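In what follows, a structure is listed as structure tokens, so that the remarks can point back to it.
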Amino acid sequence: MTEPRLEAPLHTASRSALDPWPGELAWRPVSPRLVALELTRVAISTAIMLAVCGVIWAFTTSWWALLAAAVVLFFTVVRGTVAVRAARSYGYAERERDLLVRHGRMVRHLSIVPYARMQYVDVVAGPLERSFGLATVQLHTAAAASDATIPGLEPAEAARLRDRLAALGEDAGEGL
């Protein structure tokens, strides 16, 4: 006599146990302008590397400087593709006791930051981010490994999130 075989219910078969992003949450995406910001960063670094290759070629007229420029252009396409996918993968969800931050396509990261554990919240916007009308929210906790960052937010949304997180941290009686 054989033992009965237990099968997983059909509704959980389509969802992987390794999927770190709970589907029942209302995930908020970051601004689509984050893609343009990341592509601008790639373009700036590529321009610098191509300028170096051009200067070397101008002084040496060596074929390897042209080969280096071709390699730079190839890797620019790869970096641009990765940057676009990475920028589109960011999202966050606010729950009653914690904030979830997700990012990554190939290697997925899910940070769960309890409001009570937050020490302070930064809103940062460098010159390039400001030119695109974006800001980054950085959450700091006692454990450095649990810090989370949400780039590509509209400044008003970043300020709202900062104020909400500060209020929730104070309500919890710890952290902020």
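The values are calculated or read from the model by the stated rules, or taken from the named source; none is laboratory data. Keep in mind that what you see is a predicted model, and the values were worked out from it rather than measured. Heads up, the Cβs are rebuilt from the backbone with ideal geometry, glycines too, and the neighbour counts pull from every protein chain shown.
Please indicate, with yes or no, whether at least one residue in segment 56-73 is within 22 Å of Leu37 (Cβ to Cβ) and not hydrophobic (A, V, I, L, M, F, W, C). Within segment 56-73 (the criterion being within 22 Å of Leu37 (Cβ to Cβ) and not hydrophobic (A, V, I, L, M, F, W, C)), the answer is no, since none of the residues qualifies. Quickly run through segment 114-150 and pick out the residues that are surrounded by fewer than 18 Cβ atoms within 10 Å (Cβ to Cβ), under 16 Å from Leu37 (Cα atoms) and free of Cβ contacts under 8 Å to residues at least 40 places away in the same chain. Scanning segment 114-150 gives Val124, Ala125, Gly126, Pro127, Arg130, Ser131.
Listed by position, the strands (runs of 3 or more DSSP E) inside segment 49-153 whose residues that are over 13 Å from Val30 (Cβ atoms) number at least 2 are 98-103, 109-114, 118-124, 135-141.
Quickly run through segment 69-88 and pick out the residues that are surrounded by 17 or more Cβ atoms within 10 Å (Cβ to Cβ) and either within 30 Å of Tyr115 (Cβ to Cβ) or out of contact with any helix residue (DSSP H, G or I) (no Cβ under 8 Å at 6 or more places or on another chain) (or both). Residues satisfying the conditions are Ala86, Ala87, Arg88.
From the list Leu25, Leu66, Leu99, Leu18, the lone residue that is assigned by TED's automatic domain parsing to the domain that holds Asp163 and either at pLDDT below 95 or exposed (fewer than 14 other Cβ atoms within 10 Å of the Cβ) (or both) is Leu99.
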